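What follows draws every value from the coordinates through simple rules; no lab data is involved. On a predicted model such as this, the values are computed, not experimentally measured, just so you know. Cβ atoms come from the backbone with ideal geometry, glycine included; neighbour counts cover every protein chain shown.
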Amino acid sequence: MLSYLELVELANGDIVLQKAEGDDKPLLVIQFSDETRRNIPGSCLEVARAMVQAGLEAAAVMDDETALEDNDEEEELASLDSESKTLH
């Protein structure tokens, strides 16, 4: 089942990442200090969106790298098996 996510700025200023279906518990909470809010040009919600997008992209890259490493290990083990010799 496909879940859609949304970023929402709450009344207290927190920005939460949550399921669009309205799950009670947020997946992520981003809080900006008052000083940071004053120094961010534009919307804190846009900065939060960029942060979440960068995190998702980084996670995808790490997942791809892990898959490649696992594949390399499997190939290495397979080559060791094909090179093994039996003495009779």
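How much net charge surrounds D14 when only other residues with a Cβ under 15 Å from its Cβ are counted (Lys, Arg +1; Asp, Glu -1)? Intermediate results must be reported in sequence, preceding the final value.
Values: positive: K25, R37, R49; negative: E6, E9, D24, D34.
Net of charged neighbours comes to -1.
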Classify segment 15-69 from the C-alpha gyration tensor, please: rounded if a/c falls under 1.5, else prolate or oblate depending on whether a/b exceeds b/c. oblate
Could you give the length gained by full extension between D63 and Y4, i.e. 0.36 nm per residue of separation minus their alpha carbon distance, to one decimal place? 19.2 nm
Amide H partners (placed H, <5 Å) of L5, local residues excluded: A20
